[in-house]
Amino acid sequence: MKEFWGRLGYYPVGIVDVVGHKGGIWFLSANLKFSCKILWAMNQCVTLEIDGGGRRWICSAVYGSPQATNRVELWSHLLDIGLCIQDPWVVVGDFNDILSVHEVKGGNYYSTRSSVFASTLDSCGLFDLTTSGRRFTWFRKIQGNREIAKRLDRACCTAEWRLLFPEAFVEVLSRSHSDHCPLLIRCQGVPSKKGNRPFRFQAAWATHPDYKAIVQKSWNSTDFGIHRKLLGVQEASLEFNSTVFGNIFIKKRELEAYLNYIQRKMEADDDPILKHKEEELRAEYNLVLAQEELL
C-alpha cells in the first residue's frame, strides 16, 4: 500500500492497521514542506499536529466503530484530546453516528446515541464545518430494493480552527466504489455553485418581526446541546427565508411596480384610500431597501 500511495505522490504519516475486515486509518500527506507529528493514535482515531505555512493546528482522522458500544471509547478519547490541546483543532471522518433525525432516510434513528454524540462534540467545543454537496454521505440497498441513507461522515472544528481558516468548507463528493461519499475540506474556499451554497446567516432576517420568535421556538425545541440547537435554528431560518421572508430583490421590484401603479391612479383620483395605500407601500418599500442594504 505504501508503494501504491508513493506512486501517487503521497507518503504516510500516521497509520492504524486494519483488524480483519474492520477499521484501518491511513493519514497521508503530499506536502513535504509541512511537518506532521503523531500525537495520539487508537483503533478509531489518529491525531496529528500539522505545522506549515506559518500555521500550526491539530487534525484528528476518525473511523468510528460500527458497534455503538465500541464508539464509547472513541467519544472518551475525543474528550481527553479536547482537555489536552490548546491549538486549533479539526476532526474529520466516518463517525458512524448521526446528530438528528434529519440525517437519516429510510432507517432507524436512535435519540440516545445521537444525544451522546452531540454532547461529546459540545464538550470538545466542536461544531460542524460548513458543508456543501449531498445531504447524506452513506448509502446502502436493503431488502426490497429499499435504500438507507445517513450522514455518517462529517468534519467538525473548534472556533480557533475556524478563525485560522475562515473560508474553509467541506465538499461532499460523488461516491463510486464505496458506499461512502468522500469528503474534501477546502481550507481556502472556492466559489460555490448556485443551489449548493453553504449556510449563511442573513442579518436582514432580524428586521422581520416574526424572526425572533422563530429562533426562540427552534432553540427551545431540543435539549440535546448547542450543536443540535444550532442545526435546528439553521433549518428553521432556511424555511423562514423560503416561505416568509422571500427574495428581497423580487419583493423590491414588486413593490416598485405596485407603488408606481398606485401613484399613477392618484394622478387622476384623490381617493384617500389610495393615499393611505401609498403610505403603506412607501413604509414597506423603505424597509425592503434597509434589508437590501444589510444584505
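FYI, it's all coordinate maths here, none of it is from the lab. Just so you know, these numbers come straight off a predicted model, no measurement behind them. Reconstructed Cβ throughout: ideal geometry from the backbone, glycine too, with neighbour counts over all protein chains shown.
Quick notes on this structure:
- Alpha carbon centroid spacing (whole Å) that separates the stretch 211-274 from the stretch 42-94: 41 Å
- Amide H contacts of LEU28 (H built 1.01 Å from N, under 5 Å, at least 5 apart or other chain): VAL13
- Global geometry of the stretch 118-184, whether rounded, prolate or oblate, following the gyration tensor of its Cα atoms and the 1.5 cut on a/c: oblate
- Packing-based order for 4-10, 151-157, using average beta carbon neighbours within 10 Å, highest first: 151-157, 4-10
- Per residue Cα convex hull volume in Å³ - calculated over the chain: 186 Å³
- Normalising the average separation of contacting C-alpha pairs (under 8 angstrom, six or more residues apart) by the number of residues puts the relative contact order of the chain at 11 percent.
- Selection from SER76, GLN234, CYS45, by position along the positive dipole direction of the chain (Cβ): CYS45
- Residue of ASN96, ASN31, ASN43 that the Gaussian network model of the chain assigns the largest fluctuation, springs spanning Cα pairs under 10 Å: ASN31
- Residue of THR69, THR158, THR47 that the Gaussian network model of the chain assigns the largest fluctuation, springs spanning Cα pairs under 10 Å: THR69
- Divide the volume of the convex hull around the Cα atoms of the stretch 203-245 by the residue count and you get 60 Å³ per residue.
- Taking only Cα atoms of the stretch 1-135, radius of gyration then Dmax in Å: 16.0, 46
- For the stretch 34-82, the relative contact order works out to 26 percent when only alpha carbon pairs closer than 8 Å and six or more residues apart are counted.
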